[in-house]
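The values are calculated or read from the model by the stated rules, or taken from the named source; none is laboratory data. Not measured: the values here are computed from a predicted model. Every residue, glycine as well, gets a Cβ built from its backbone with ideal geometry; the counts of neighbours run over all protein chains shown.
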Amino acid sequence: MQQHFAPLLVVSKLVDIVHSDSNDKKNERNANIDGQIKYEDEEVLIKSLKRGDEEAYRYLYRVYGPKIGTLVKGYLGTDDVDDVIQEVFMRIYRSIKKFRGDSKLSTWIYRISINVCNNVYKKFKGKEVLVELNDTNDDEDYRQQFSTDEDIEKEVTDEILYDKVRGIIDKFNPEDRAILFMKEIDGMTYEEIGKVLDKPEGTVKSRLHYIKDKLKKAIEEALPNE
């Protein structure tokens with residue numbers, strides 16, 4: 001059984017990004033949570049986390065949980081990532097007192113996330129994938145909604161395109177996949193990604209250029225000739 005490490009919905013988003021070649025940056029997620037605005041001050045948040053403040057950890061989970069989840073889902077190719085996310089937060093809990101503030105808290109959290117993903121990836125590499133992307137009844141129900149030949153042709157074309165791009169992403173090494181998802185899915189800057197991976201900003205830019213070039217070629221090859 002072939003492994004797939006990029007969920008269809010995430011691949012779809014990446015296809016849209018590279019196909020349009022848009023350089024627009026994603027807006028930062030709004031971290032304002034009612035009654036917890038004080039934690040927007042990173043210094044206050046860090047001190048609260050080090051004290052074991054339960055409210056601070058709830059805030060951290062609500063702000064970073066979705067971001068970590070997106071990265072993990074894209075990295076491991078399964079929606080069943082709760083255990084992985086919990087492991088990330090357990091490592092945060094165990095290590096927060098050692099955090100010296102040499103980098104932003106978000107950078108530190110992403111480093112932990114990448115390390116956990118790498119460990120899980122190595123553990124399951126070469127084994128059967130946990131979830132087959134197309135092994136659901138949803139796809140069949142979705143196809144039944146189409147009524148014209150044009151709709152069916154478009155669906156088939158899209159499926160071929162997604163499979164092609166997904167196959168390319170699956171062949172990337174873990175670090176390249178991490179760069180791709182952090183930049184194009186989570187909207188991180190080159191500088192932020194460089195700090196997470198301990199790579200020069202120029203290296204991150206060149207790697208992303210290479211990755212997007214590979215994806216564009218995959219899209220061009222998959223699209224039918226007009």
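Conditions (1) among the aliphatic types (A, V, I, L, M); (2) surrounded by 15 or more Cβ atoms within 10 Å (Cβ to Cβ); (3) under 24 Å from Lys183 (Cβ atoms), marked per residue:
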site: Asp41; (1), (2), (3): no, no, no
site: Gly52; (1), (2), (3): no, no, no
site: Arg58; (1), (2), (3): no, no, no
site: Arg62; (1), (2), (3): no, no, yes
site: Arg91; (1), (2), (3): no, yes, yes
site: Lys97; (1), (2), (3): no, no, no
site: Gly101; (1), (2), (3): no, no, no
site: Trp108; (1), (2), (3): no, yes, yes
Exercise. Ser103: at pLDDT below 80, small (Gly, Ala, Ser) and more than 19 Å from the chain's Cα centre (by Cα), yes or no?
Worked result: no
For this session: Would you kindly identify the helices (runs of 4 or more DSSP H) lying entirely within region 122-226 that contain at least 3 residues that are at pLDDT 50 or above and not aromatic (Phe, Trp, Tyr)?
Result: 149-171, 174-180, 190-197, 201-222
Seminar exercise, completed: Flagged pairs (Cβ under 6 angstrom, 6 or more apart or on separate chains; first in region 95-115, under 17 Å from Leu45 (Cα atoms); second part of a helix (DSSP H, G or I) and of a type in the set (Asp, Glu)) are Leu105/Glu42
